[in-house]
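The values are calculated or read from the model by the stated rules, or taken from the named source; none is laboratory data. What you see is a predicted model; the values in this text were computed from it and never measured. Ligands, DNA and RNA are stripped out before the accessible areas are found, and what is left, the full protein with its side chains, is counted by its heavy atoms. Shrake-Rupley method; radii C 1.70, N 1.55, O 1.52, S 1.80 Å.
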Amino acid sequence: MVVLTIKDKREICGNLVSAVLGDRGIDSFSYGEFFEGSPFLRIEKPSEVKVYEHRWSLEGIFRRYEGHGILEEFTSVYDDILIYELKRISGGPIELNLRGNLGIFTWFNPGLRKEIIRKVTFEAISERRAFQLSYNGTYYLRLETDHDVEVEVREDRVEYAVRTDLSDGDKLVVCTVASSSKEEVKRRASWAMQNPGVVREKRRNMLEDLLSKIPQKPEGVHRDFYTYLWYVILTNRCVVERHPVLKYPFNMPSKYMFRHQWLWDSAFHSVVLSWYDQKLAEEELSNLFIAQKPDGRIPHEIFLSKHLCKAIWRIDDYSPWTTQPPVLAVALGILFEKYKNKKYIKKILPHLIRYDKWFRDFRDNDKDQLIAYVDYLESGWDDSARWDLPIIKFKKNSQRYLGMYKRIRMAPVEAIDLNCLIYLQRKVIAYLCKELGESNLACEFEELAEKTKNGILEHMWDEEEGFFFDVFEEDHSHIKVKTPAAFLTMFAGLAERRQVVRLVKHLLNEKEFWTTFPLPTLSADDPRYNPRGYWRGRSWINIIWFTYWGLRRYGYDEVAEKLLKKTLNLMENSFTCNENYDSSTGEPLGAPDFGWSTLVLDMLMRKRPPLDEILA
Ligand code: GLC
């Protein structure tokens, strides 16, 4: 007899939220992005909202990891996948009126999460072998087992224990349902109930099939954790049927919270997927090119729902009017170094060239080849302290800036990371042009890259501080906010050696970037530093990835290894792959099972810095 206790079963809450909201028949609500009560989303005519069907390419999986306290998740995270399966036979509005921010903000709002959980009740049916979970009198989840189940609803979590014999582990059937009546519950539940074997078998086979293809485990990582990271990146993949833009399967950043396709997220996903399967890695970028606008812009995000996009961005489209950090070319360069797939590149290159031109036409008012962000969300660093001053400046004199850019929400900033990425984009384009025999174009892009590099070195380095800063486009004055965005100069290989020496000093300073979870998104000596602040002090794995490879590029292998070890240890200890981490305690924060956090795989597996060949 083993007692299996699954603590802090967020998924139940997540599922509950999905079920509650998804069942309203309004697609935006089922994506973990529900903003009821907030002024910017009001759906006046839900009947006009198109609902696309979802099909997860992987239909749910049993997680089977030993030695980490999670002996086995019978009930599996993947009951939310069941929601989607069941959704096809469900529908009909329910009488629920949840106040406040749910979905995406549930995790940022623990009070609300507690409130939901408090209202959740369990009802045992057929003694203790099956029970149902309900919220405000509506049933959402039914669990059935051949064994006894103990359920406890706590203040902020649901705990349930299944007494079972693990050698005969597959006895719990999970069925997630959403309905207003018990009868409905029964009817919907019956599908999964009648086919438990099918569900179980399918899930198990898929997991086994998937995991049988993962590359051999490198040194320096626990076997289970390594498998788990692959599980994360492979199970965020989804297919949206009959969507006008999302025509190819793609990875959602997190199937719990971020259910659209994002530009820089997908670039990172593609880098990781390239260790698994060429087709998946190339496919991950395909929708982004479909989404490219006639003027050349590759948009920030592709929403599942036009309606939600309109509500948030006031634009009648599947995508906002912004782009996101151009990591795309970096990913394409990495794919090319690995696969040398000229056919793919031939198809993609014209898109990339048009995208670069878009930056020149629409994000470079002073035409100095230093590109500007005109919107904080466009930066990917949503609420970073980097944008505090530019936003204030814009508010004081918006007319002035509206004269420079058609749409703009902060004084334009020539950002250090953005320009490192633009430099790399141009280097990648030049290299690929050369490969395809387009030598004139290659020269043109080499020159552009050089101009960007020189601009960075001339305007963004601060000799006194020994650091790189963002600058205002209008006068090239420094915005003195110290962030690890500066370390992208190492990733791009454009910092001078003497500059790197000084950067590494900042990096290894415990009062700045060498915090418990390293590389906070704002230096710890900044008065605004908050170790739990979204882009104001939490640590993110993509920033660690850039920095790790930057250090390696300059031969700082030991520092790089220390950085990776520190990061990996904390992730392994909590057995998480979260969106971000509290930089002072290492506590996992944000969305669970987050795509680009699997970049640690790339740091473990790659031998030479990415783009080495292209930058040589
Ligand atoms: C948040 C992040 C952004 C990311 C998106 C999807 O908005 O700030 O950088 O692309 O989530 O993961």
For this session: Please work out the average accessible area per residue across segment 497-616, using the 1.4 Å probe convention, and give it in Å².
Result: 35 Å²
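In whole percent, and with a 1.4 Å probe on the protein chains, what portion of the accessible area of segment 538-600 is carbon and sulfur?
The computed percentage sits at 47.
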For this session: Take the alpha carbon atoms of segment 302-377, find their center, do the same for segment 591-615, and report the distance between the two centers in whole angstrom.
Result: 21 Å
Exercise. Rounded, prolate or oblate: which one fits segment 457-616, using the alpha carbon gyration tensor with axes a ≥ b ≥ c (rounded when a/c is under 1.5, else prolate when a/b beats b/c, else oblate)?
Worked result: oblate
For this session: Once you have the Cα-Cα distance between Trp321 and Arg400, take 0.36 nm times their residue separation minus that, and quote the gain in nm to one decimal.
Result: 26.4 nm
For this session: Could you tell me which of rounded, prolate or oblate describes segment 287-383, using a ≥ b ≥ c as the square roots of the eigenvalues of the alpha-carbon gyration tensor, with rounded for a/c under 1.5 and, failing that, prolate when a/b is larger than b/c and oblate otherwise?
Result: oblate
Seminar exercise, completed: Measure of exposure for His222: accessible area at 1.4 Å probe, Å² rounded to 10, is 80 Å²
Problem set entry | Global geometry of segment 476-544, whether rounded, prolate or oblate, following the gyration tensor of its Cα atoms and the 1.5 cut on a/c | prolate
